[in-house]
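The next block holds one structure in the form of structure tokens; read it before the comments.
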Amino acid sequence: MKLVGKIGTKEGLQRMFRHLSSSKGGRKLCFVGHNIQNFDLRILYEEAKRHGLDKELKGVRFVDTLAVAQDKDVWQNHEKERPKSFSLENLYSYLVGGVIPFQHSAVGDVLANAKVLESLDPDLTITRSKYVREFRFE
């Protein structure tokens with residue numbers, strides 16, 4: 001896995017952690033993604049651990065929008081009924097309409113995820129109270 005151009009995973013992770021720590025300005029970092037807890041964060045953790053960088057993930061928080069979308073409380077006051085499928089593609093089509101632009105690219109999935117989360121929980125009340133979790137694996 002190459003994170004940036006032709007550099008190796010370790011250097012890519014170091015660059016990412018350096019950038020994230022310098023850009024957060026004293027605020028706590030929070031990753032947001034769809035099915036991030038069961039997929040993306042596990043890969044990130046295993047790669048960071050393999051290169052001795054797992055300590056960089058201490059204190060990082062995350063929101064898994066799959067869990068948010070599956071929460072019945074989120075749909076309680078929503079104008080639409082709770083769907084049967086919670087894939088990002090289905091949620092985007094159902095809530096936003098159309099197909100995810102640049103689907104399965106980093107930018108396309110991030111923008112689609114943001115629109116889905118905004119549609120599900122516009123003021124982030126439920127997300128903040130129930131779904132901001134600390135990154136912990138081991």
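The values are calculated or read from the model by the stated rules, or taken from the named source; none is laboratory data. Because the structure is predicted, anything quoted here is derived from the model rather than measured. For neighbour counting, all protein chains shown are included, and Cβ atoms are generated from backbone atoms with ideal geometry for every residue, glycine included. Please note that ligands, DNA and RNA were not included when accessible areas were found on the heavy atoms of the full protein model with its side chains. Shrake-Rupley method; radii C 1.70, N 1.55, O 1.52, S 1.80 Å.
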**Request:** Hey, could you get me the Stokes-Einstein D for region 15-75, Kirkwood radius over alpha-carbon pairs, 20 °C and 1.002 mPa s, rounded to whole µm² s⁻¹?
**Result:** 167 µm²/s
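Carbon and sulfur together cover what percent of the accessible area of the chain at a 1.4 Å probe radius?
Of all accessible area on the chain, carbon and sulfur atoms account for 52 percent.
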**Prompt:** So what are the ³J(HN,Hα) numbers for region 124-137, from phi and the Karplus equation (6.51, -1.76, 1.60; θ = phi - 60°), rounded to whole Hz, Gly and Pro as x?
**Reply:** 6, 4, 5, 4, 5, 7, 10, 10, 7, 10, 7, 5, 9, 9
**Message:** Quick check on packing: order 130-136, 79-85, 66-72, 105-111 by the mean number of other C-beta atoms within 10 Å, highest mean leading.
**Reply:** 66-72, 130-136, 105-111, 79-85
**Computed [θ] at 222 nm, helices only, for the chain once each DSSP H run of length n ≥ 4 contributes -39500 (n - 2.57)** = -13000 deg cm²/dmol
**Request:** Over region 43-82, give the accessible area per residue in Å² for a 1.4 Å probe, as an integer.
**Result:** 59 Å²
**Fill in**
The relative contact order of the chain, taking Cα pairs under 8 Å that sit 6 or more residues apart, comes to a percentage of 25 percent
**Prompt:** What is the spin-label model distance, in nm, from Asp40 to Val96 if the labels are put 7 Å beyond Cα along the C-beta direction?
**Reply:** 1.3 nm
**Request:** Could I get the Rg over Rh figure for region 77-117? Both from C-alpha atoms, Rh via Kirkwood, rounded to two places.
**Result:** 0.97
**Message:** From the mean inverse distance of alpha carbon pairs (Kirkwood) and the Cα radius of gyration, derive Rg over Rh for region 47-138.
**Reply:** 1.04
**Amide H within-cut-off set for Phe31, under 5 Å, with H built and near neighbours excluded** = Arg61, Phe62, Val63
